[in-house]
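What follows is a set of notes on a single structure, which appears directly below.
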Amino acid sequence: MAERFLNKRELAAWPPYSLPSDSLGALENTRQRMQRNGQWAPWQMIGRRMAIGCVALEITQRCNLDCSYCYLSESSEALKDIPLEEVFRRIDLIHRHYGDGTDVQVTGGDPTLRKQDELVAIISYIRQKRMRSSLFTNGIKASREMLVELAAAGLEDVAFHVDMTQERAGYASEAALNAVRQEYIDRARGLPLAVIFNTTIFPGNFHEIPELVRFFVTHADVVRFASFQVGADMGRGTERERITVNPETVKNAIREGAGAKLNFDAASAGHAECNGYAYGLIINGQVHDFFNDPAFVREILDKSAHLRLNRANKFGVFKTVAGFLATQPRVLARVAFHFASLVWRERRDFIAARGKIGKISFFVHNFMDSSQLDRERCDACSFMVMTPEGPLSMCVHNAKRDAYLLVAAKVQKDNKIRYFNPVTGQFEDNMPGRIAVNLTRKNARGRAKQYLEANAAE
């Protein structure tokens with residue numbers, strides 16, 4: 001029987017996904033991957049509603065923090081930003097693989113360290129390709145002015161990463177960091193952006209999950225999505241304790257904070273061991289599980305799989321859903337009954353809230369340690385990183401980043417092919433040989449600390 005985990009040779013040879021053939025569309029391609037790995041089921045959204053969960057587009061390797069659970073390689077901080085031409089080429093590749101409506105995570109490093117006009121151009125280009133963009137940032141440089149300009153360019157989501165692994169000076173707990181989260185919420189308030197918070201969970205902050213969930217619920221008028229990521233060992237830090245902190249203990253802590261028996265298994269996006277998703281309705285400040293009837297949820301997901309919903313256009317979403325329900329009387333009856341049952345069951349809260357209902361989603365992501373990459377989970381991955389060669393499982397990419405970072409980018413420039421050297425930041429006429437980084441330079445922790453000291457007054 002073959003080993004479950006990839007060995008070093010297999011990891012090195014694990015290729016990016018190739019483009020689907022003309023006869024095999026992206027949805028069908030993904031569905032076959034889910035079937036091959038035993039993940040095809042009525043609750044599976046990948047291959048049914050969407051071709052992929054999301055694709056990360058790394059536009060810089062620079063960062064102004066130095067997180068203890070960072071996935072960047074030791075070489076990352078020494079590398080120059082890839083040119084816009086290469087960024088646009090990778091956006092084209094994402095669209096060729098997965099088509100309209102694909103979720104593109106603009107990330108890094110921290111993407112806000114690129115020039116603002118370049119960041120705006122990247123967001124605008126994603127919109128031109130009819131795909132959705134999300135900005136993944138630690139928020140330090142994501143000013144209100146920047147968010148306003150990015151929203152105007154087409155940005156739909158902003159995901160703030162704030163937690164204790166970042167070791168921000170002056171904050172000794174997640175509760176203390178709520179002041180930072182509050183500031184970020186206020187920056188985004190009133191903008192046409194869905195606000196997301198990413199939190200890495202490790203033994204040092206696990207006990208604070210319930211209180212953190214209560215904070216997100218209190219601010220659900222702005223916060224739409226709370227993602228909790230189990231800390232993974234990328235070989236660049238201390239061993240991660242997975243006995244106390246694992247997907248199930250994290251889900252239970254979220255349930256405790258929400259005060260509701262949230263169902264994380266009614267719907268899935270990718271491999272069941274990688275992702276868990278729950279959806280809560282907030283009535284009179286209390287969280288109620290919208291997925292309490294899994295059979296109903298799965299039927300609706302299956303029947304409405306063909307719908308393409310733009311969350312940034314609430315009226316458009318309403319119009320699309322209403323049009324769909326008008327042609328599906330049985331589904332409409334099921335939805336009406338489900339909603340009426342919820343209202344009746346929670347009638348006291350519903351009356352107290354005067355009919356107002358909020359919502360918040362909770363997501364638990366279980367990244368794999370680089371030394372234990374499960375073959376099946378890698379093949380069924382729904383969270384990709386766009387490499388120069390094509391999309392690659394995020395966990396695989398994080399385990400072999402330098403294989404894609406220390407490579408010259410082939411760019412059409414000045415009416416001829418030139419090669420961008422990521423270490424020198426220069427264009428060369430010929431493909432450079434093996435690219436190496438002098439790791440004796442203070443290119444990671446030192447540069448991050450220097451940046452924070454220089455910008456402490458901001």
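Bear in mind that the values in this text are calculations on the coordinates, not laboratory data. Given the structure is predicted, the values throughout are model-derived calculations rather than measurements. Heads up, the Cβs are rebuilt from the backbone with ideal geometry, glycines too, and the neighbour counts pull from every protein chain shown.
Find the centroid of the Cα atoms in segment 164-184 and in segment 32-53, then give the distance between the two in whole Å.
First find each Cα centre; the distance between them is then 37 Å.
Taking a threshold of 23 Å on the Cα-Cα distance, which of the pairs Lys115/Lys413; Lys80/Lys129; Lys8/Lys251 fall above it? Kindly include the intermediate steps, with their values, before the conclusion.
Numbers: Lys115/Lys413 20 Å; Lys80/Lys129 26 Å; Lys8/Lys251 32 Å.
Flagged as over cut-off: Lys80/Lys129; Lys8/Lys251.
Report the relative contact order of segment 154-219, percent, no decimals, based on alpha-carbon pairs under 8 angstrom and at least 6 residues apart.
On the way: 53 pairs, mean separation 30.2, N = 66.
Dividing the mean separation by the residue count of segment 154-219 yields 46 percent.
Please identify the cysteines of the chain that lack any partner cysteine with a Cβ under 4.7 Å from their own Cβ.
Cys54, Cys63, Cys274, Cys378, Cys381, Cys395
Defining a contact as two alpha carbons under 8 Å apart and six or more residues distant in sequence, what relative contact order in percent does segment 1-88 show?
On the way: 43 pairs, mean separation 17.0, N = 88.
Averaging sequence separation for qualifying contacts and normalising by length gives 19 percent for segment 1-88.
Please give me the summed charge of the neighbours of Arg181: other residues whose Cβ is under 13 Å from its Cβ, Lys and Arg +1, Asp and Glu -1. Provide the component values of the computation, followed by the final result.
Details: positive: Arg168, Arg187, Arg189, Arg214; negative: Asp163, Glu174, Glu183, Asp186, Glu208, Glu211.
Around Arg181, the charge tally is -2.
Between Asn7 and Glu389, what is the FRET efficiency for a Förster distance of 25 Å, r being their Cβ-Cβ separation, to the nearest 0.05? Display every interim value, and only then the final one.
On the way: r = 22 Å, r/R0 = 0.87.
So the FRET efficiency works out to roughly 0.70.
Decide, for segment 263-390, between rounded, prolate and oblate: order the square roots of the alpha carbon gyration tensor eigenvalues as a ≥ b ≥ c, take rounded if a/c falls under 1.5, and otherwise choose prolate if a/b is larger than b/c, else oblate. Present the calculation step by step, with values, prior to reporting the outcome.
Numbers: a/c = 2.21, a/b = 1.65, b/c = 1.34.
Prolate is the answer for segment 263-390, as a/c is 1.5 or above and a/b outweighs b/c.
How many nm separate the modelled label positions at Asp92 and Arg345, each set 7 Å beyond the Cα in the direction of the Cβ?
5.1
What FRET efficiency comes out for Arg354 versus Gln116 if R0 is 45 angstrom and r is the Cβ-Cβ distance? Round to the nearest 0.05. Provide the component values of the computation, followed by the final result.
Working: r = 42 Å, r/R0 = 0.93.
For Arg354 and Gln116, the calculated efficiency is 0.60.
When only Cα pairs under 8 Å and 6 or more residues apart are kept, what is the percent relative contact order across the chain?
Working: 819 pairs, mean separation 98.9, N = 458.
Relative contact order for the chain comes out at 22 percent.
Can you list residues from other chains, or at least 5 along the same chain, whose modelled amide H is less than 5 Å from the amide H of Thr200?
Close amide H contacts, sequence-distant or interchain: Gln229.
When DSSP assigns beta bridges and you keep just the ones with both residues in segment 194-289, what percent turn out antiparallel, to the nearest 5? Walk me through the numbers on the way to the answer.
Working: 4 of 11 bridges.
Antiparallel: roughly 35 percent of the beta bridges in segment 194-289.
What aspartates and glutamates sit close enough to Lys356 to cross-link, taking a C-alpha to C-alpha distance under 17 Å and skipping anything fewer than 8 places away on the same chain?
Asp221, Asp289, Glu346
Placing unit charges on C-beta atoms (Lys and Arg positive, Asp and Glu negative, everything else neutral), compute the dipole magnitude of the chain about its Cα centre in debye, rounded to 20. Each step should come with its number before you reach the end.
On the way: 61 positive and 53 negative charges, 210 e Å.
That gives the chain a dipole magnitude of about 1020 debye.
So for the chain: antiparallel DSSP bridges make up what percent, rounded to the nearest 5? Before the final figure, lay out each step's value.
Details: 24 of 59 bridges.
Of all bridge pairs located within the chain, approximately 40 percent are antiparallel.
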